[in-house]
Each structure stands twice: as structure tokens, then as C-alpha cells.
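Colleague: Starting off with a structure, shown below.
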Ligand code: SF4
């Protein structure tokens, strides 16, 4: 979901509709902002603070949501398994796929994850919040990707 560099907005084609291109495959697609996310979409873009973020990503509290979920491109459908990215400065330094496995080349982050985070229940909001506190305390910026349904309770990200 933080794949802004993979999605280019070509032009706005309607009040909530945008013609876009996947920059890697060059495939074009039409993005439609969903009714339930219109007010969220009107908020400042995540790209203002995270230039590599997708133009359709919006922050909602501690989490980030795709505002065009039903019309997201094939690239996003194929790579949905990313649940969280860890950023440091402007760089992405880690990716959480699956339940607990963090993929990173940052040795300090890897040690931090194994020592203090891997045992947490990241399916649960409190577990994610504790992981975020630990990461932020060490100078990292966790970016969680959850679906709207996950925000209604303690249901985990898929
Ligand atoms: S899933 Fe949505 S927010 Fe994430 S990169 Fe794709 S279009 Fe953007």
C-alpha cells in the first residue's frame, strides 16, 4: 500500500475517478474512490509526509487505508500480503508479511524485532500499538496496512 512509485495518476476523469497507470507494467486502470472513504480521501495525502506513499492511501488514526480498494490495480491485489512497513527517515527498511516474520536487512531492526516484538500478538490492536511504541522509541516509523473492517473491532488484518 505504500507503493506510490508504482502508481501514477494520469488525470482526474470524474469527481471521484482517476485514470492511472502501474508504472512497472505500464497497464492503465481507473481508480474510483469509494463512498465510505470520501471524507477520508479529502484529508491531506499521506504523500505529504511519506513521498513514496500511494496517492490513494490515507491515514486514519494509527492505521492507513486504501480508499480505492474495489478498483485497486492487479499489482496491489497480488502484493496485499504486506501488513506493515517499517520506515526510517524516507526509506523503507522492513516489511512484515504473514503474522510475525519481518523481512529486513537492517541488523539493529532485526535484533529489536526478535528480542522485543516477535512474541507480541500482532493480530490484536494492543499488540500492534505496543510494537509501534517499541519501534518509534528506537527511531523507526511503522506503517500498518489494515482494511476498514479491521477498524471496527479487534479483528486482525487479513
Ligand atoms: S492497495 Fe490501494 S493504497 Fe495500496 S498501493 Fe494499491 S491503490 Fe494504493
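The values are calculated or read from the model by the stated rules, or taken from the named source; none is laboratory data. If you're wondering where the values come from, they're calculated on a predicted model, not measured in any experiment. Every residue, glycine among them, receives a Cβ derived from its backbone with ideal geometry; neighbour counts consider all protein chains shown.
Colleague: So the check is Cβ under 7 Å with 6+ separation or different chains; which pairs have a first residue in region 51-78 that's without any contact (Cβ under 8 Å) to a residue 24 or more places away in the chain and a second one that's near the ligand (Cβ under 6 Å from one of its atoms)?
Modeller: none
Colleague: From the set of residues in region 63-81 that are surrounded by 18 or more Cβ atoms within 10 Å (Cβ to Cβ) and modelled with pLDDT under 80, which is nearest to the chain's Cα centre (by Cα)?
Modeller: Within region 63-81, the match that is nearest to the chain's Cα centre (by Cα) is 64.
Colleague: Tell me, which residue of region 50-62 that is at pLDDT below 75 and surrounded by fewer than 19 Cβ atoms within 10 Å (Cβ to Cβ) is farthest from the chain's Cα centre (by Cα)?
Modeller: Selected residue: 51.
Colleague: Based on this model, can you work out whether residue 100 counts as over 15 Å from the mean Cα position of the chain (by Cα) and at pLDDT below 90?
Modeller: In short, yes.
Colleague: So residue 9 passes all but one of these: (1) at pLDDT below 85; (2) more than 10 Å from the ligand (Cβ to nearest atom). Which condition number does it fail?
Modeller: Only one criterion in (1) at pLDDT below 85; (2) more than 10 Å from the ligand (Cβ to nearest atom) is unmet by residue 9, namely (1).
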